[in-house]
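The values are calculated or read from the model by the stated rules, or taken from the named source; none is laboratory data. A quick note: this is a predicted structure, and the numbers were derived from the prediction, not measured. Note that we place each Cβ from the backbone using ideal geometry, even for glycine, and neighbour counts take in every protein chain shown. We work out accessible area using only protein heavy atoms, side chains counted, and drop any ligands, DNA or RNA first. Shrake-Rupley method; radii C 1.70, N 1.55, O 1.52, S 1.80 Å.
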Amino acid sequence: MELLPRSPAEFGSARYWDRFFRQRGQRAFEWYGAFPELCPVLHKYVRPRDKVLVVGCGNSELSEQMYDVGMCEDIVNIDISDAVIRQMQERSGSRRPKMSYLLMDMLQMDFPDAHFQVVLDKGTLDALLTDEEEATLAKVDQMFAEISRVLQVGGRYLCVSLAQAHVLKKAVEYFSQEGWVVRVHQVAGSGDNQQFVLPVFVYVMTKFRKIPGSAPQILEICSEEQDKPMRVDSVERLVAAVKDRQHYALLCSQLSKTPCREQVSLDLCDRESGKPRYTLHVVDSPSVKPSRENRFAIFIIPQGRETEWLFGTEEGRRQLATSAGFGRLVTVALHREQHYEGMAGIQAELSGKVMELAPPGLPARQQVPFLSVGGDIGVRAVRHRDTSPLSGEYVVEDVKGDGTCYFRRLIFLRNRNVVQSEARLLAPTPLPGQKKRRKDKKKPSPAEPPAAIDKSYLCCEHHKAMVAGLCLLGGPDPLPASLAVLVVGLGGGSLPLFIHDYFSQAHVAVVEIDPSMLEVATHWFGFSQGDRMQVHVSDGLDYVAKLAAEAPAQYDAIMFDVDSKDLTVGMSCPPPAFVEKPFLQKVKTILKPEGIFVLNLVCRDTRLKESVLATLRDVFPLLYTRHIEGEVNEILFCQPSPEGRRDPAELGERARALEGALREPGRPWDSSYVLADMLQAVKIL
C-alpha cells in the first residue's frame, strides 16, 4: 500500500488525500505531536469559550481530545478531502454535537471576517510548504492571508510544526511584518515513546492591529522547561535558536543509543540572558567496563581551573574519565559571568538536563553522582573588566588553584579559555568563600589590587623555558656581566619582571602595542618601570624595523611572546607577520653575534608550523626547540651562528651554574623551577 506522495505538490491535492485516508482507514494519523505533549501549550492559548478553527484536520484525534477533556467545544474542522470529512463526521457527529467537520479549502474559506478566536494547524503548513518555489510560496501567502482574515484581533494562530528553517522563517517573517506578536514554544517530548527524533514546536502568532510605520517586532522563544519566554531581536536569531534546540535533540538521541567515539561539547545557556552558563563535554571511556554503579557521572570543574590541561584538553578529559572509573563522564565548566549557589545548587539545576546525555541502557531512576575536586566549585572573583580597542574585552580575575594558592589572571574574552597572563598572589584580597585571617576594619573593594604579587614565581611553563634559554648565550660565563634584553609582548609583565629582578645586570626593553596592557600590568600585576626597565608603546614590527635601520647588533637576547589578534589563523602566537623572512632578518640584524632569539610559537596548523620552522632555519643557522608538555606551545631558541652549538652535558652544566648564581641567599626562589630540567627536552632542529 503506497501512502507517500509521488511529488511534494501532491500534498496540496484533494485527490491524493482522498486516496490516502481511504487506504489508511479509521486509524488516526497524527503526523507528530501527541495530545499529552501538546496539551500544556494548548492550555495556555485556548480558552473554553473560544471559537476554534482547525485547518487541514485530517483524521487526527486532536480536536476530539480537546473536546473530551473540556478544553474547548466550539470547534470547526476543515479539510479538502471529502473522504476524511465524511469519516470524521461519522466518528464524532453524535458523540460531540458542538463540534463540526466541513469540506473546505483553507486557501479560500467561506467564513466571515474575524469569526474565530483561535486557528489551529497541526502539520498543515509543513505539508504545504515543501519547497520554496514561487507557486508554493504564493499558496502559503494565501493561506496566511485567509487565517488573518478569519481571526479576531487578539486571536491566536497556533501552528504545530517540526520547524524546518524555511518553514519557520516564512511564518515568522510574514506575521511579524503584519505587526503580530510571534512566540515559538518547544514541546516537551515523551521520552522513548517519541515518534520523531526532532522536537516538535508550536508557533503562537497573536494578531494585533497593524501600526503604520516601523513598529518593533516582538519575537520570543520558550523552551520546554521554561515558563518565561526569551526575547530575541531578529528573525535570524529566532531561527538560529530553534536550530540549536534541534541539534541538541539529535545529539541526545545519538548519545542515548551509541557510545561517542569523539568528545562532544555543548553550551547550556542562562534562561534570562541567553549567555552560556555551563560548557559540557561528554567523554566515553571504552577501557572502563561499565557496571550499574560506574556507568555515568558528572564532574564539576572548579571555577578558574577550566584552562588546566586535565580539564581543558581532550587528552586531559579522557585521562580524567578513565581515572574516575566511569563509562561516561560529563565535565561541566562554569562561566565567569554567571553566579552559582554552590555544589547543591548546581546539582539541582543540572540534574534533569544531564540525564538527557545519559549512556545507552542507564535505568531511568539511576542516581548519578556529581563529582569535583575537594567537593566544592572553586573560587573566582573578577577584579577588573574593561575593553581595549586592540585586545577587545578582557578581565582580570583571582582564582583559587590546586591547594591553598591563589592566582591572578588576565583573560582576553575573545579567547576565554586561554590564560593570557598569570601571577601567584602572596597576599590576595579576600575572595568570596575565603576566610580572613584577621579582622579587617574595612571591607576590601573588588577594585583593590593585592598587597603583593609573588614575582619569584613564573606560572607559565613557556616563560620558564624562555628564561632557561638564556643558558644558550655565547661566552664562557653563564651569567654575563651585562645583558641587554628586548621583550616583545608585555601581557601582565611576569616575564620581563623576572628577568629584571633575577638578572641584576640586565637592562630590559619591552615593546607593547596596546597601552591598556601597560595599565593592567602596572595596576594589577605589580609591574613597574625604572632605570633598567623601559616600556615602549609601539607596534613590535615597526620598533624592530627602526632599530635594524639605526642601531644593529645591540641585544644579547630578544624574546617574542606576542599573541595574534586574528583568531582565523591557525597560529595564535605570534602574528604571522612576525615570522616572515624579511622581518626575521631584521631581528637577526639587531641581535649580537653570540646572542639568542627566543620565540613562543603556538600553532595548531601543521603545514603552517612546518613553514615557520623552515623560514627560521633559513635565517638562523642554529635552531633549538623545546615543546611544553600538555600544551600547544613550542619554544624556539634561534642563534645567528652555528658555532654556538652546545652538547647536552655542557648545556646542563651551564644551567646549573646560572641557577646557582641567580639563587642568592635571602632571595626567594621557586624550588620546582630547575633550569637544567627545563633544558633536558631541548632538541636541535
Q. What value, in deg cm²/dmol to 500, does the helix sum -39500 (n - 2.57) over DSSP H runs of n ≥ 4 give at 222 nm once divided by the residues of the chain?
A. -9000 deg cm²/dmol
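Want the number for Ala114 to Ser611: 0.36 nm per residue separation, take away the alpha-carbon distance, what's left? Kindly include the intermediate steps, with their values, before the conclusion.
On the way: separation 497, 0.36 × 497 = 178.92 nm, distance 7.07 nm.
Result: 171.8 nm gained on full extension.
Suppose every K and R has +1 on its Cβ and every D and E has -1 on its Cβ; what is the size of the dipole of the chain about the Cα centre, in Debye to the nearest 20? Write out the running numbers ahead of the final one.
On the way: 83 positive and 89 negative charges, 327 e Å.
My answer is approximately 1560 debye.
Please list 386-399, 589-602 highest first by mean number of surrounding beta-carbon atoms within 10 Å per residue.
589-602, 386-399
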Q. Near the amide H of Arg383, under 5 Å away, which other amide H atoms are found, from residues 5 or more places off or on another chain, if H is placed in the peptide plane?
A. Val396, Glu397, Asp398
Q: Please list, or write none, the lysines whose alpha carbon is within less than 25 Å of the alpha carbon of Lys609, excluding same-chain residues fewer than 8 places away.
A: Lys464, Lys565, Lys581, Lys586, Lys588, Lys683
Q: May I ask you to compute the full-extension gain from Ser273 to Arg231, defined as 0.36 nm times their residue separation minus their alpha-carbon distance, rounded to one decimal in nm?
A: 14.2 nm
Q. Relative contact order, percent, of the stretch 258-371 when contacts are C-alpha pairs under 8 Å separated by at least 6 residues?
A. 32
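Counting only DSSP beta bridges with both residues in the stretch 258-371, what percent are antiparallel, rounded to the nearest 5? Please report the intermediate quantities before stating the final value.
Numbers: 13 of 20 bridges.
In the stretch 258-371, DSSP labels about 65 percent of beta bridges as antiparallel.
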Q: For the stretch 577-594, take each phi angle, set θ = phi - 60°, evaluate the Karplus expression 6.51 cos²θ - 1.76 cosθ + 1.60, and give the result in whole Hz per residue in order, putting x for glycine and proline.
A: 4, 6, 10, 7, 4, x, 6, 4, 5, 5, 4, 4, 5, 8, 9, 5, x, 9
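About its Cα centre, what dipole magnitude does the stretch 258-371 give when the only charges are +1 on Lys and Arg Cβ and -1 on Asp and Glu Cβ, stated in debye to the nearest 20?
Values: 14 positive and 14 negative charges, 81 e Å.
With only Lys, Arg, Asp and Glu charged at Cβ, the dipole is about 400 debye.
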Q: Pull up the cross-link candidates among the aspartates and glutamates for Lys44, meaning alpha carbon to alpha carbon under 20 Å and not fewer than 8 places away within one chain.
A: Glu61, Glu64, Asp68, Glu73, Asp74, Asp121, Glu220, Glu224, Glu225, Asp227
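Using a 1.4 angstrom probe on the protein heavy atoms only, could you order Cys459, Cys72 from most to least accessible area?
Values: Cys459 25, Cys72 0 Å².
The ordering from most to least exposed comes out as Cys459, Cys72.
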Q: For Lys353, go through the lysines and keep the ones whose alpha-carbon is under 23 Å away, minus same-chain ones fewer than eight residues off.
A: Lys228, Lys243, Lys257, Lys275
Q: Might you work out the accessible area of Trp309 for me, using a 1.4 Å probe with all protein chains in place, and round it to the nearest 10 Å²?
A: 80
Q. So for the chain, taking the charge dipole from beta-carbon charges (+1 Lys/Arg, -1 Asp/Glu), which of Leu280, Gly316, Ile300 sits furthest toward the positive end?
A. Ile300
Q) Label points 7 Å out from Cα along the Cβ direction at Glu337 and Ser372: separation in nm? A) 2.2
**Q.** Three-way shape call for the stretch 78-121 based on the alpha-carbon gyration tensor, with the a/c threshold at 1.5
**A.** oblate
Q) Relative to the longest principal Cα axis of the chain, at what angle does helix 648-662 sit, 0 to 90 degrees, rounded to 10? A) 80
Q | For Leu622, residues with placed amide H under 5 Å, excluding near neighbours | A | Gln639, Ser641
Q) How big is D for the stretch 258-371, in µm² s⁻¹ as a whole number, if Stokes-Einstein is applied with the Kirkwood radius of its Cα pairs at 25 °C and 0.890 mPa s? A) 170
**Q.** Within the stretch 295-330: backbone nitrogen closer than 17 Å to the Arg604 label point (7 Å, Cα to C-beta)
**A.** 306-318
Q. Rounded, prolate or oblate: which fits the stretch 459-684 when a ≥ b ≥ c are the square roots of the eigenvalues of the alpha-carbon gyration tensor, with rounded for a/c under 1.5 and prolate only if a/b beats b/c?
A. rounded
Q) Taking amide H positions as placed 1.01 Å from N in the peptide plane, with prolines and chain starts having none, which residues 5 or more places from Leu371, or on another chain, fall under 5 Å of its amide H? A) Ile298, Phe299, Ile300
Q: Find the percent of Cα-Cα distances in the chain that exceed 31 Å, and round it to a whole number.
A: 65
Q | Note, ³J(HN,Hα) from phi for the stretch 83-96, Karplus 6.51, -1.76, 1.60, rounded to Hz, x at Gly and Pro | A | 4, 6, 5, 5, 4, 6, 5, 5, 6, 10, x, 7, 7, 9
Q) To the nearest 10 square angstrom, what accessible area does His536 show with a 1.4 Å probe? A) 60
Q) Which of the listed residues, Ala657, Gln254, Ile635, is farthest toward the dipole's positive end in the chain, when Lys, Arg count +1 and Asp, Glu count -1 at the beta-carbon? A) Gln254
Q.
Once you place label points 7 Å from the Cα toward the Cβ at Val418 and Leu103, how far apart are they in nm?
A. 7.0
(Q) Just to check I understand the Karplus step: with θ = phi - 60° and J = 6.51 cos²θ - 1.76 cosθ + 1.60, what whole-Hz values come out for the stretch 110-121, glycine and proline as x? (A) 8, 6, x, 4, 6, 8, 10, 8, 9, 10, 10, 9
(Q) Just to be sure I understand: of the beta bridges DSSP finds with both ends in the chain, what percent are antiparallel, rounded to 5? (A) 55
Q | Protein-only accessible surface order, largest first, of Lys586, Lys243 at 1.4 Å | A | Lys243, Lys586
(Q) How much length would be gained if the chain were fully extended between Arg656 and Glu293, taking 0.36 nm per residue of separation minus their Cα-Cα distance, in nm to one decimal? (A) 125.6 nm
Q: Find how many whole Å separate the alpha carbon centroid of the stretch 612-673 from the alpha carbon centroid of the stretch 594-611.
A: 14
Q | Area of Tyr457 that stays accessible when all protein chains are in place (1.4 Å probe, Å², to 10) | A | 50
